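A.B. asks: Handing you a structure now.
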Amino acid sequence: MAAKPSIPKGTRDFAPQEMMRRNHIFETIREIFEQYAYLPIETPAMENLSSLLGKYGEEGDKLLFKILNSGDFSNGIDLALDSKKLSTIICEKGLRYDLTVPFARFVVQHQNELTFPFKRYQIQPVWRADRPQKGRYREFFQCDVDVIGSISLLNEAELLNIIDDVYKALNIRVVTKINNRKILAGIAEIIGFPDKIVDITIAIDKLDKVGLEKVNEELSAKISTEAISKLQPILLMKGSFSEKIETLKTTLSNSEIGMKGIAEMVELFEYIDDLKLGMPCELDLTLARGLNYYTGSIFEVKALDTAMGSICGGGRYDDLTGIFGLKNMPGVGVSFGADRIYDVMNELNLFPKNSSIGSQILFVNFGRTEARIILPILKYLREKKIACELYPDTAKMQKQFNYANNNHIPYVAIIGGDEIKNNTITVKNMQTGQQEKMSVEQLVNSMTTKK
């Protein structure tokens, strides 16, 4: 007996009900992006590996899916080479890890065709060779929204407004954590390790997952015990936004970059007050966002009613296009994790109840004569945006009714001898069992009101 087929770990099939729900998420997000005048783009699933490597830090590079060169990839190559070096020779392409680096490449490549500031959104899958676990997949969709070509913090404020609108529309209660990489750089400076900002942020970013003790263990391999001690009160700082800011002003008074980060946070939180957002926004000094390209504001969104990792995140990157040769092109963006949003909505039972799959009405097939009468009716109903179908085979009535029930089709239409004679349709409500005779126009009116 042949082995049952399977799919790679960390990937999933989506059945019709799941697709309807996923489409609900995508359509909601897309509609809000477009309300804010963001424009859609798409980029290829694979990029040149040279475009991806070195953009996500050492840990990110390890999670890139590399694509083996086609043809005789090993011809003339010393296969005894170090695996890291060998992979860059036999793999010239890789699956995209996120949508931000491909977007930066897109901007550089198409800079003469774009008007800046350029506001774009992108809804596509990405791939990471991560260890699959709850809420973490190897293939997943991101819904990105970015504005590039402007340093204004009004862009950050607009993105927070978008986040608020999206989660309000999806009925998910969230909190948005906000920090600034300049503040983190200032902290690294005042504890005496400005060159270790990347190591420090990578460690701090794991605080929620592994706890303070493990973070300190990781830091001890990178910075001194004295520096770790200085870091503790900053990481554990409590209080309101203004209290944290006053403490930071004292702590970072000798750090120019740190003070700049504080000024940016003060301005951004003034805009947040003006916007009167429905979601709480908090200054969280432990938020680091591990990606190396962030340079200013950073964001992370978490659901309040279920234990799940970040369901949206992002930040400012003031020189991401510089790695592709285009300097002075600041940008900021956030990414909505559609798969985690799906898991949250599924767990909390937040999907609309009326999202039926496929047909609203099934026409029973009694034979060729009746089918020829039904075909023009189906065409007319579809012109009126009513999803409908004719059972393809002449089968027992019960079998056709079972088909309707199994596919959650709420109504069944019967056109037999009597109906043909009287120019009517018998419509059966599959939930109540109630039957009603009506004309085609009455059916259209009835189905339109029920939508």
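The values are calculated or read from the model by the stated rules, or taken from the named source; none is laboratory data. Since this is a predicted model, take the numbers as computed values, not measurements. Cβ coordinates were reconstructed from backbone atoms using ideal geometry, including for glycine residues, and neighbour counts include every protein chain displayed. Each accessible area value is taken on the protein alone, full model and side chains, heavy atoms only, with ligands, DNA and RNA left out. Shrake-Rupley method; radii C 1.70, N 1.55, O 1.52, S 1.80 Å.
A.B. asks: Regarding the range 8-29, can at least one residue be identified that is closer than 20 Å to Gly94 by Cβ, open to solvent by less than 90 Å² (accessible area, probe 1.4 Å), of a type in the set (Gly, Ala, Ser) and part of a helix (DSSP H, G or I)?
C.D. replies: No, there is no match, as no residue in the range 8-29 is closer than 20 Å to Gly94 by Cβ, open to solvent by less than 90 Å² (accessible area, probe 1.4 Å), of a type in the set (Gly, Ala, Ser) and part of a helix (DSSP H, G or I).
A.B. asks: Looking at Lys244, Lys260, Lys230, Lys196, which one is touching a strand residue (DSSP E or B) at 6+ places or on another chain (Cβ under 7 Å) and either charged (D, E, K, R) or open to solvent by less than 30 Å² (accessible area, probe 1.4 Å) (or both)?
C.D. replies: The unique qualifying residue is Lys244.
A.B. asks: Now for a different question. From the list Thr426, Thr449, Thr432, exactly one residue is under 23 Å from Asn402 (Cα atoms) and either assigned to a loop (DSSP other than H, G, I, E, B) or free of Cβ contacts under 8 Å to residues at least 12 places away in the same chain (or both). Which is it?
C.D. replies: Thr432
A.B. asks: I need the full set of residues from the range 142-195 which are free of Cβ contacts under 8 Å to residues at least 40 places away in the same chain and under 22 Å from the mean Cα position of the chain (by Cα), in order please.
C.D. replies: none
A.B. asks: Restricting attention to the range 116-134, does a residue exist that is open to solvent by 30 Å² or more (accessible area, probe 1.4 Å) and part of a helix (DSSP H, G or I)?
C.D. replies: Scanning the range 116-134, I find no residue that is open to solvent by 30 Å² or more (accessible area, probe 1.4 Å) and part of a helix (DSSP H, G or I), so the answer is no.
A.B. asks: Condition first: assigned to a helix (DSSP H, G or I) and charged (D, E, K, R). Now tell me which residues in the range 91-114 satisfy that.
C.D. replies: Of everything in the range 91-114, those that are assigned to a helix (DSSP H, G or I) and charged (D, E, K, R) turn out to be Arg105, Glu113.
A.B. asks: Which of (1) over 18 Å from Ser335 (Cβ atoms); (2) among the aliphatic types (A, V, I, L, M); (3) open to solvent by 20 Å² or more (accessible area, probe 1.4 Å); (4) at pLDDT below 95 is the odd one out, the single condition Leu49 does not satisfy?
C.D. replies: Condition (3) is where Leu49 drops out.
A.B. asks: Shifting gears a bit: Give me the pairs: first residue in the range 199-214 and within 13 Å of Leu231 (Cα to Cα) and of a type in the set (Ser, Thr, Tyr), second residue at pLDDT 80 or above and part of a helix (DSSP H, G or I), beta-carbon distance under 8 Å, and six or more apart or on different chains, which are they?
C.D. replies: These pairs meet every condition: Thr201/Arg181; Thr201/Leu184.
A.B. asks: Open to solvent by 40 Å² or more (accessible area, probe 1.4 Å), of a type outside the set (S, T, N, Q) and more than 18 Å from Thr321 (Cα to Cα): does that describe Lys84?
C.D. replies: Criteria met by Lys84.
A.B. asks: Condition first: within 25 Å of Phe141 (Cβ to Cβ) and either crowded, with 19+ Cβ neighbours inside 10 Å or in contact (Cβ under 8 Å) with a residue 24 or more places away in the chain (or both). Can you find one or more residues in the range 366-385 that meet it?
C.D. replies: The answer is no; no qualifying residue exists.
A.B. asks: Hey, does the range 346-359 have a residue that's more than 14 Å from the chain's Cα centre (by Cα) and over 30 Å from Ile409 (Cβ atoms)?
C.D. replies: No, the conditions are met nowhere in the range 346-359.
A.B. asks: Any chance the range 347-357 includes a residue that's open to solvent by less than 70 Å² (accessible area, probe 1.4 Å), among the hydrophobic types (A, V, I, L, M, F, W, C), at pLDDT below 95 and in contact with a His (Cβ under 9 Å, 6 or more places away or on another chain)?
C.D. replies: Scanning the range 347-357, I find at least one residue that is open to solvent by less than 70 Å² (accessible area, probe 1.4 Å), among the hydrophobic types (A, V, I, L, M, F, W, C), at pLDDT below 95 and in contact with a His (Cβ under 9 Å, 6 or more places away or on another chain), so the answer is yes.
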